[in-house]
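S.K.: Input: one structure, supplied below.
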Amino acid sequence: MHEIGVRETVQFAGLTFNWETLVMTWISMAIVLLIAILATRNLKMVPTGAQNIVEGLIVWLREQTLTSLGPKGEFLCPLIVTLFLFLIVANWLGLVPTMASPTNDLNTTLGLALFIIVMVHTLGVYMKGMHYIKHFFQPFPIFVIINVIEEIAKPITLAFRLFGNILAGEILIIILLMLAKWAILPSVAWLAFSLFIGGVQAFIFTSLSLAYLANAVKDSEE
Amino acid sequence: MIDINATLIAQMLNFLVLVVLLRIFAYKPIVKMLKEREERIAGSIKKADDDAAAAEATLKQYQEQLAGARVKAQEIIDKAEKRTREDHEASMQTTKAEIDQMKHAAQLEIQRERALAVEKLKGQVAALSIAAAEKIVSKNIDAAENEALIKEFIDQLDKDKIGDLPC
């Protein structure tokens with residue numbers, strides 16, 4: 001029986017790692033890479049089959065990125081594409097029996113959220129310089145408190161939203177199976193809903209990351 | 001359940017690795033291919049437009065040439081017709097003139113011949129008169145005999161058809 005919330009850990013170089021999360025992450029990465037490589041192995045001018053799907057996804061995410069970030073955000077397209085593809089595969093992986101989503105671990109979601117936020121501030125300072133730092137103190141210097149709270153809230157909300165959705169989904173799958181053996185219909189319905197949730201959460205995480213990045217990268221109209 | 005440990009750092013690194021790998025294996029080739037496709041489509045559209053324009057220009061040129069040729073052909077036909085008519089008229093004139101001349105010549109000839117014949121006839125009539133007179137004189141002057149003589153003379157005249165005068 002799956003023990004909810006208990007994680008198998010390994011020690012390596014004095015550090016503790018959640019073994020299941022790491023393995024599931026590597027499986028997700030492998031699936032994403034496999035799909036990407038298989039779909040783009042033999043690129044054709046006139047696309048067919050799998051190329052259509054992967055190409056469509058990449059074109060769609062690229063357009064989203066360019067719309068949000070402007071032409072200067074071109075170099076962030078691979079990041080956004082990877083973020084979405086990884087998250088959707090990771091979210092759906094937990095729906096496969098015996099598998100678990102890497103995103104049901106706060107370490108994964110907070111890791112990604114912090115990665116994005118660190119990137120936002122680094123890029124902000126790098127691309128806008130003092131102007132970026134100054135905007136935390138506007139319209140009055142006292143606003144820096146609210147702004148800092150907001151900046152701290154960003155990765156936390158980003159991380160917990162995804163973590164909570166996916167963990168809750170997986171817990172409910174287990175609970176529904178434990179409740180009654182005959183409850184196939186609710187289980188199936190919940191699986192379908194989890195599929196939807198996985199896609200939506202991946203999209204929300206990607207969109208919010210884009211919005212935060214836009215703050216730092218996009219030229220302001222001033 | 002929400003214990004945070006070194007997995008967080010590992011996940012960041014994992015994600016970074018995935019970004020790099022996806023960029024190399026999927027993003028770059030697809031974007032490159034998209035650019036190529038875009039260029040190709042733009043090129044095709046431009047070429048199609050150019051071809052259409054060229055075709056239209058050629059068609060216009062041909063139509064102009066055709067119109068020019070038609071006008072020229074008409075001109076040539078007109079000219080030929082005119083020349084034929086002129087030639088015909090000229091030859092008619094010549095023929096008429098020739099016919100007139102021939103007629104004139106024929107008339108002259110006829111008059112000349114006639115005059116000649118009258119001249120000849122005159123001479124022969126004189127000779128006949130003399131011959132008749134000789135005959136009358138040599139015979140006895142008898143009224144009945146004279147008459148018979150003259151009759152015989154005239155009969156001979158009819159019979160022998162002295163001379164070949166056409167009149």
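Every number in this text was worked out from the coordinates using simple rules, so none of it is lab data. Quick caveat, the model's predicted, so the values are computed rather than measured. Heads up, the Cβs are rebuilt from the backbone with ideal geometry, glycines too, and the neighbour counts pull from every protein chain shown.
S.K.: Would you confirm, using the coordinates I've provided, whether B:I4 is surrounded by 10 or more Cβ atoms within 10 Å (Cβ to Cβ) and within 12 Å of another protein chain (Cβ to nearest Cβ)?
M.R.: Numbers: surrounded by 10 or more Cβ atoms within 10 Å (Cβ to Cβ): yes; within 12 Å of another protein chain (Cβ to nearest Cβ): yes.
So B:I4 passes the test.
S.K.: Output the number of the condition that A:L15 fails; it satisfies all remaining conditions of (1) of a type in the set (A, V, I, L, M, F, W, C); (2) surrounded by 15 or more Cβ atoms within 10 Å (Cβ to Cβ); (3) at the interface with chain B (Cβ under 7 Å from one of its Cβ atoms).
M.R.: Going through (1) of a type in the set (A, V, I, L, M, F, W, C); (2) surrounded by 15 or more Cβ atoms within 10 Å (Cβ to Cβ); (3) at the interface with chain B (Cβ under 7 Å from one of its Cβ atoms) one by one, A:L15 breaks only (2).
S.K.: Is there a residue in segment A:25-32 that is within 10 Å of chain B (Cβ to nearest Cβ) and under 17 Å from B:K28 (Cβ atoms)?
M.R.: yes
S.K.: Listed residues A:E74, A:E55; which is over 26 Å from A:V23 (Cα atoms), in contact (Cβ under 8 Å) with a residue 12 or more places away in the chain, within 13 Å of chain B (Cβ to nearest Cβ) and in a helix (DSSP H, G or I)? Show your work before the answer.
M.R.: Details: A:E74 fails: in contact (Cβ under 8 Å) with a residue 12 or more places away in the chain.
After ruling out the rest, the residue left standing is A:E55.
S.K.: Right, another one. Quick check on segment A:105-118. Is at least one of its residues out of contact with any Pro (no Cβ under 6 Å at 6 or more places or on another chain), away from chain B (no Cβ under 14 Å) and farther than 23 Å from B:L21 by Cα? Please lay out each step first, then the result.
M.R.: If we filter segment A:105-118 for residues that are out of contact with any Pro (no Cβ under 6 Å at 6 or more places or on another chain), which is where we start, we get A:105-107, A:109-112, A:115-116, A:118.
The next check asks that each one be away from chain B (no Cβ under 14 Å); those that pass are none.
No.
S.K.: Additional query: Specify which of the listed residues (B:A42, B:A131) is in a helix (DSSP H, G or I), under 30 Å from A:V46 (Cα atoms) and over 28 Å from the mean Cα position of the chain (by Cα). Steps first, answer last, please.
M.R.: Values: B:A131 fails: under 30 Å from A:V46 (Cα atoms).
Of B:A42, B:A131, the one residue that is in a helix (DSSP H, G or I), under 30 Å from A:V46 (Cα atoms) and over 28 Å from the mean Cα position of the chain (by Cα) is B:A42.
S.K.: Taking A:K181 as the residue in question, decide whether it is among the charged types (D, E, K, R) and in contact (Cβ under 8 Å) with a residue 60 or more places away in the chain. Quick ask: steps written out before the conclusion?
M.R.: Values: among the charged types (D, E, K, R): yes; in contact (Cβ under 8 Å) with a residue 60 or more places away in the chain: no.
No: the conditions fail for A:K181.
S.K.: Here's something else I'd like to know. Looking at segment B:68-79, is at least one residue touching a Cys at 6+ places or on another chain (Cβ under 9 Å) and part of a helix (DSSP H, G or I)? Step through it out loud before you land on a result.
M.R.: First pass over segment B:68-79, keeping only residues touching a Cys at 6+ places or on another chain (Cβ under 9 Å): none.
Taking every residue of segment B:68-79 in turn, none turns out to be touching a Cys at 6+ places or on another chain (Cβ under 9 Å) and part of a helix (DSSP H, G or I).
S.K.: Another one. Could you tell me whether segment A:134-153 includes any residue that is more than 17 Å from B:I4 (Cα to Cα) and buried (at least 18 other Cβ atoms within 10 Å of the Cβ)?
M.R.: Within segment A:134-153, none of the residues are more than 17 Å from B:I4 (Cα to Cα) and buried (at least 18 other Cβ atoms within 10 Å of the Cβ).
S.K.: To continue, here is another question. Would you please list the contacts, defined by Cβ atoms under 7 Å and residues six or more apart or on different chains, that run from a residue in segment A:77-98 that is closer than 19 Å to A:F193 by Cα to a residue that is hydroxyl-bearing (S, T, Y) and not in a helix (DSSP H, G or I)?
M.R.: Once the first residue is closer than 19 Å to A:F193 by Cα and sits in segment A:77-98, its partners that are hydroxyl-bearing (S, T, Y) and not in a helix (DSSP H, G or I) give A:A90/A:S101; A:N91/A:S101; A:L93/A:S101; A:G94/A:S101.
S.K.: I'm told A:V96 meets every condition in (1) among the aliphatic types (A, V, I, L, M); (2) more than 9 Å from every other protein chain (Cβ to nearest Cβ); (3) assigned to a helix (DSSP H, G or I) except one. Can you identify the failing condition by its number?
M.R.: Here A:V96 clears every test but (3).
S.K.: Please specify each residue of segment A:33-45 satisfying the condition of being facing chain B (nearest Cβ under 9 Å), part of a helix (DSSP H, G or I) and hydrophobic (A, V, I, L, M, F, W, C).
M.R.: Residues satisfying the conditions are A:L33, A:I35, A:A36, A:I37, A:A39.
S.K.: A:M45: surrounded by 14 or more Cβ atoms within 10 Å (Cβ to Cβ) and of a type in the set (A, V, I, L, M), yes or no?
M.R.: Working: surrounded by 14 or more Cβ atoms within 10 Å (Cβ to Cβ): no; of a type in the set (A, V, I, L, M): yes.
Considered against the rule, which asks whether it is surrounded by 14 or more Cβ atoms within 10 Å (Cβ to Cβ) and of a type in the set (A, V, I, L, M), A:M45 comes out as no.
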